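Asker: Pasting a structure below so you can have a look.
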Amino acid sequence: MDAEPFSSGPPPVIAPMGVPDPRFGLPNALICSLEGVWGAGKTSTARIVEQRLTGHGYRTAVVHYGPRSGVIAAMGALLDDRPLRSRDGVGGYRVPHHACVDVLLRLCREADQHRLHYRPEAGRYDVLLLDHGVYGKLAYALAVLEEHSPPGVATAQLLKTLLAVVRPWFLHPHQRAIREFMPVMPQCG
C-alpha cells in the first residue's frame, strides 16, 4: 500500500525567518539583496559596494543567477519563452489557476538558486550581494496570489503562507549587515 501523502504526526520544525534551516546548511556570509526595477542600477551599485567592502577587508562577491540545468532549465525556458501571464496589453492569465502555477514555478526556480548556487557562495565569502532583488520576487508572488485569491482571504494570511513556503530555503538578508556596513557605505558616494 502506498504511503499517505500527508502525515497526521507533528508538524516539522521550521526555523524562524532569518535563521537558515539547518537541513540545507548554514551560510557564513552576510547576505544583502539589492532591490529595484530593470535598469535601476542594482549591478552597478553592487559593484561599488563590493569594491568598498573589499577595500575594508571583507571577502565580498556580487552574485547573479547561477547556472540552470535539467528540470530547472526547462522550467526557466517555459517561464521565459511561454509565460502563463500575457505580456502585452493589460496582461492577465489565460486560465485562473495559471496564477498559482506561475507563482509556484517561479518559487521553485528561486529555491533552486538559493540552495544550489547562493548557499555555496555564502560559505566562501563574508558578504554576498544579490543584485536582482529577492524581495521583489516575493512581492510579485504576494501580489499575484492576492489578485487571484478567493474573496475574504486577508493579505496578511497570504503573506504568512508565502513566508512559510519559502522559509526552509530562503537565504534571508541579515539586519546585521546594515548595522555593520553603514559606517563604510557613506564613503561610496
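Asker: Near the amide H of Gly133, under 5 Å away, which other amide H atoms are found, from residues 5 or more places off or on another chain, if H is placed in the peptide plane?
Answerer: Under 5 Å from the amide H of Gly133 lie the amide H atoms of Leu34, each far enough along the sequence or on another chain.
Asker: Still on this structure, please answer the following. Which value, to two decimals, describes the C-alpha radius of gyration of the stretch 31-188 once divided by 2.2 N^0.38 Å?
Answerer: 1.16
Asker: Still on this structure: Net charge near Thr45, counting Lys/Arg +1 and Asp/Glu -1 over other residues with Cβ under 12 Å of its Cβ?
Answerer: Here the count lands on 0.
Throughout, read-outs are computed from the coordinates displayed, never taken from laboratory work. Being a predicted model, the structure only gives us computed values, none of them experimental. Methodologically, a virtual Cβ is constructed for each residue, glycine included, from the backbone with ideal geometry; neighbour enumeration extends over all protein chains shown.
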